[in-house]
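Report on the structure given below.
The values are calculated or read from the model by the stated rules, or taken from the named source; none is laboratory data. This is a predicted model, so every value here is computed, not measured. Note that we place each Cβ from the backbone using ideal geometry, even for glycine, and neighbour counts take in every protein chain shown.
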Amino acid sequence: MKNLLYLFIPLLFFSCINVESEVDVDEDEVIIVEFGDLTSLSDDKQYGNFQIKVPEIDSNVMQNGAVLAYIERAATDERPQRWSQFPQYNLVWKEIGDTTFSYLSYGEGFIRISLQSETSVEGVAETFKGLKLKLVILD
């Protein structure tokens, strides 16, 4: 048993390798955008989207990078200001019988936040209006 211990201890140290990150933090960008009015709304009001210009999303980001988004949660007396990962399932509207989903897509020069609902996206769109969205653009 003691011999096995002598065998495993050196293996533990020799099996460790040094891994260097390939991400260059200097190339990443963080920008803040704000929700405005819906860019489009379907006739049945079950689908709509916000399209926001983001010139920082270039062809290099499209080929080699990614865009992450966080929605601002304003401070209250009980809670500090914070950022929540976006998109998210919106349970607020489930209470009134309307389940709404939001999702993020992006293309060269823009992001699109799409909303999909069982009834209408107008209530959620109004809630988002004026909120800030933090975009982390990985190049």
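General observations
- In segment 24-67, residue surrounded by the most Cβ atoms within 10 Å (Cβ to Cβ) [restricted to those that are assigned to a strand (DSSP E or B) and of a type in the set (D, E, K, R)]: Glu29
- Sole exception among (1) surrounded by 15 or more Cβ atoms within 10 Å (Cβ to Cβ); (2) modelled with pLDDT of 90 or more for Pro87, by number: (2)
- Restricting attention to segment 68-87, the residues being under 20 Å from Gly36 (Cα atoms) and either part of a loop (DSSP other than H, G, I, E, B) or basic (Lys, Arg) (or both) number 3.
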